[in-house]
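These notes are about the structure you will find just below.
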Amino acid sequence: MSFDPEPDLSPEEVQERVDETIEDNEVALFMKGTELMPQCGYSRKALNLLQQHREDVATVNVLDALDEHREALERHSGRETIPQTFVDGEFVGGSDILEQLHERGELEAKLSA
């Protein structure tokens, strides 16, 4: 038997939250968990990589309505995986892409563009 809690937010509220976060912030990270307590390794990795170059990263915990966030994010990025990073309204990628950019020395420039 499994227990699937009802999401705390409606699909419309989540879509509005996603749209506003991407629009209102230079760097936005949609992640599982919070900045103080990431709930998955990929989210932790993405957050750490971003914070090496930026102090002002807007984070959104998607766990309060995971399926709704996946759907809303897919409208922006074409992907439903978490985490997702947006810079100046443009989808950059998840932790794997951030890591590749970092290894090539391109992440800092991407985050300050």
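The values are calculated or read from the model by the stated rules, or taken from the named source; none is laboratory data. If you're wondering where the values come from, they're calculated on a predicted model, not measured in any experiment. Cβ placement follows ideal geometry from the backbone for every residue including glycine, while neighbour counts extend to all protein chains displayed.
Among the residues of segment 1-8, not a single one is surrounded by 14 or more Cβ atoms within 10 Å (Cβ to Cβ) and part of a helix (DSSP H, G or I).
Of these, GLY105, GLY93, GLY78, which one is without any contact (Cβ under 8 Å) to a residue 40 or more places away in the chain and in contact with a Lys or Arg (Cβ under 9 Å, 6 or more places away or on another chain)? That would be GLY93, the only listed residue that is without any contact (Cβ under 8 Å) to a residue 40 or more places away in the chain and in contact with a Lys or Arg (Cβ under 9 Å, 6 or more places away or on another chain). Would you mind stating whether ASP19 is at pLDDT 95 or above, of a type in the set (Asp, Glu), closer than 28 Å to ALA109 by Cβ and outside any strand (DSSP E or B)? Yes, satisfied.
Being in contact with a Pro (Cβ under 7 Å, 6 or more places away or on another chain) and either acidic (Asp, Glu) or under 22 Å from GLU12 (Cβ atoms) (or both), is that true of even one residue in segment 58-65? Yes, the conditions are met somewhere in segment 58-65. On the stretch given as segment 72-113, residues that are in contact with a helix residue (DSSP H, G or I) (Cβ under 7 Å, 6 or more places away or on another chain), surrounded by fewer than 22 Cβ atoms within 10 Å (Cβ to Cβ) and under 14 Å from ASP19 (Cβ atoms) total 3. State whether one or more residues within segment 28-45 are free of Cβ contacts under 8 Å to residues at least 12 places away in the same chain, of a type in the set (Lys, Arg) and surrounded by 13 or more Cβ atoms within 10 Å (Cβ to Cβ). Scanning segment 28-45 turns up at least one residue that is free of Cβ contacts under 8 Å to residues at least 12 places away in the same chain, of a type in the set (Lys, Arg) and surrounded by 13 or more Cβ atoms within 10 Å (Cβ to Cβ).
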